[in-house]
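Input: a single structure, listed below in structure tokens.
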Amino acid sequence: MERVDRCVVLVDAGYLLGAAASLLAGEPARSRITVDHAALIRGLRELAEADTRQPLLRIYWFDGAPDRVPQPEHRRLRVMPRVTVRLGALTRSDGRWAQKGVDAAMHAELTELARNRACSDVVLVTGDGDLLPGLMSAKEHGVAVHLWAVQAADGDYNQSEDLVAEADERRVLDRAWITQAVRAKETGGVCAPPPAPRPEIAAILSAPLPEAALAASAERASEAQAAAAGNGEVPPPEESSTADRPGHGGRGVPTPKDLAGSLRGPGSQPTQPSPANATLRWSSDKGWMERGGPLGEPAETASLPTLAQLTSAEQRWADREEDITTVGGDPFEVGQVFARRWMERLPETVHLQKLSTMYPRIPHRIDGELLRYAARFGLLAHKDDQIDEHDRYAIRAGFWREIDVRAAAEHAPAVERTSPSGD
């Protein structure tokens, strides 16, 4: 079998991005950097073809993912020309994440390419000495092996010494090359105070409530104040309405705790009993009752169609393509995309009007579908064994922002919404 004169690039993403984070941000956490994957792939291809003087066959991107489920970056990468993504497992042990199966997959791919004479040159972007047997096997099959390293933060090696010794050619990807596609996130220093709320979340907090919800909220607040005054009590600040809190512009999105308070009537007596161990769900339209409770689903929410019911097979395919190619996976953006699709496919605007009056609670049948959609992008994953509530809030905030914009447009100019500054 005649060998084909072309090059292949095998990238250990954990090594490449971890080393880049160490170089640019001072620690190997990939969360400390942002990556322009299109620019990175383009840079790898151009440099590989220049170094090997051979056309590129393919770039293999090896990475880990929880349960081997592709994350947003993997979805973007695998639709790029000449890129193949191979995923190993990402597991958590002793408080740290570790890749499983990535080295074995790289070894198998390298050996198979060399045995089948699929290329004349292989570029390895890795530092792991476990690939040494595969590297030596490729050399025995007549393949030239180019080993690339990322510039080490301390000026030392961040690769196996045995790998460096056995490679045919070596190159260091320096800071100037890395920063064409990777940059460190701004942290404000280790002693800086916690970051301010995201701008889009702040926008939701200052957004006007729909008139019906605002009137109901004001009525409940008046009742609570009257009851407290009658008992000679002053409501504690943490139980007060979000309208009284700084930064809400007089109107805002009630928290689950605020909604729990809204279920209490005069004298702070619950209007609805709370079952043992029950919690008030942000999306719950049944107060303290858990999903599937004895009360069943209220008629006003049962009539609202889900996105799945509104979506044809052709639309589902187009949605999937859009998710892969254009939706970045930001929680706020995910909520907006879901809401936009739901509204565009509604047969009657009465459904949108009905949903608007339920603000900020999303009926749980729609909310569950929204969160399942978000899970496709790797959101809602366990972080330090805790559900990331900030992501959940941002997803729902994006959903309500899109709903509010459309509802306001349909009611204008009959209903004029005042800005928070006008309160």
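Tabulated values for the structure
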| item | result |
| --- | --- |
| Condition met for GLU73 (of a type in the set (D, E, K, R), outside the structural domain of THR326 (by TED's automatic domain parsing) and touching a Cys at 6+ places or on another chain (Cβ under 8 Å)) | no |
| Filter result for ALA13 (assigned by TED's automatic domain parsing to the domain that holds HIS146, closer than 21 Å to ASN158 by Cα and surrounded by fewer than 18 Cβ atoms within 10 Å (Cβ to Cβ)) | no |
| Qualifying positions in the stretch 327-370 - more than 19 Å from the chain's Cα centre (by Cα) and acidic (Asp, Glu) | GLU344, GLU348 |
| When residues of the stretch 60-73 are limited to those that are among the charged types (D, E, K, R) and assigned to a helix (DSSP H, G or I), the one modelled with the lowest pLDDT | ASP67 |
| Odd one out for THR34 among (1) within 26 Å of GLY329 (Cα to Cα); (2) out of contact with any strand residue (DSSP E or B) (no Cβ under 8 Å at 6 or more places or on another chain) | (2) |
| Hits in the stretch 134-186 - residues which are among the aliphatic types (A, V, I, L, M), within 18 Å of GLY14 (Cα to Cα) and part of a strand (DSSP E or B) | LEU147, ALA149, VAL150, VAL172, LEU173, VAL182, ALA184 |
| Selection status of GLN54, buried (at least 20 other Cβ atoms within 10 Å of the Cβ), over 20 Å from GLY127 (Cα atoms) and either free of Cβ contacts under 8 Å to residues at least 40 places away in the same chain or not β-branched (Val, Ile, Thr) (or both) | no |
| Matching residues in the stretch 74-125 - criterion: being in a loop (DSSP other than H, G, I, E, B) and modelled with pLDDT of 90 or more | MET80, PRO81, ARG82, ASN116, ARG117, ALA118, CYS119, SER120 |
| Check on LEU57, of a type outside the set (Val, Ile, Thr), at negative phi, assigned to a helix (DSSP H, G or I) and out of contact with any Pro (no Cβ under 7 Å at 6 or more places or on another chain) | no |
| Test for LEU131: is it modelled with pLDDT under 95 and of a type in the set (A, V, I, L, M) | yes |
| Enumeration of residues in the stretch 34-48 that are buried (at least 20 other Cβ atoms within 10 Å of the Cβ) and within 21 Å of the chain's Cα centre (by Cα) | LEU40 |
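Yes/no matrix, rows are residues, columns are (1) at pLDDT below 75; (2) loosely packed, with under 14 Cβ neighbours inside 10 Å; (3) at negative phi:
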{"residue": "LYS286", "(1), (2), (3)": "yes, no, yes"}
{"residue": "THR301", "(1), (2), (3)": "yes, no, yes"}
{"residue": "TRP317", "(1), (2), (3)": "no, yes, yes"}
{"residue": "GLY329", "(1), (2), (3)": "yes, no, no"}
{"residue": "ARG345", "(1), (2), (3)": "no, no, yes"}
{"residue": "ARG365", "(1), (2), (3)": "no, no, yes"}
{"residue": "TYR373", "(1), (2), (3)": "no, no, yes"}
{"residue": "ALA394", "(1), (2), (3)": "no, no, yes"}
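The values are calculated or read from the model by the stated rules, or taken from the named source; none is laboratory data. For clarity, every value in this text was computed on a predicted model and none was experimentally measured. Neighbour counts are summed over all protein chains in view; Cβ atoms, including those assigned to glycine, are modelled from backbone coordinates with ideal geometry.
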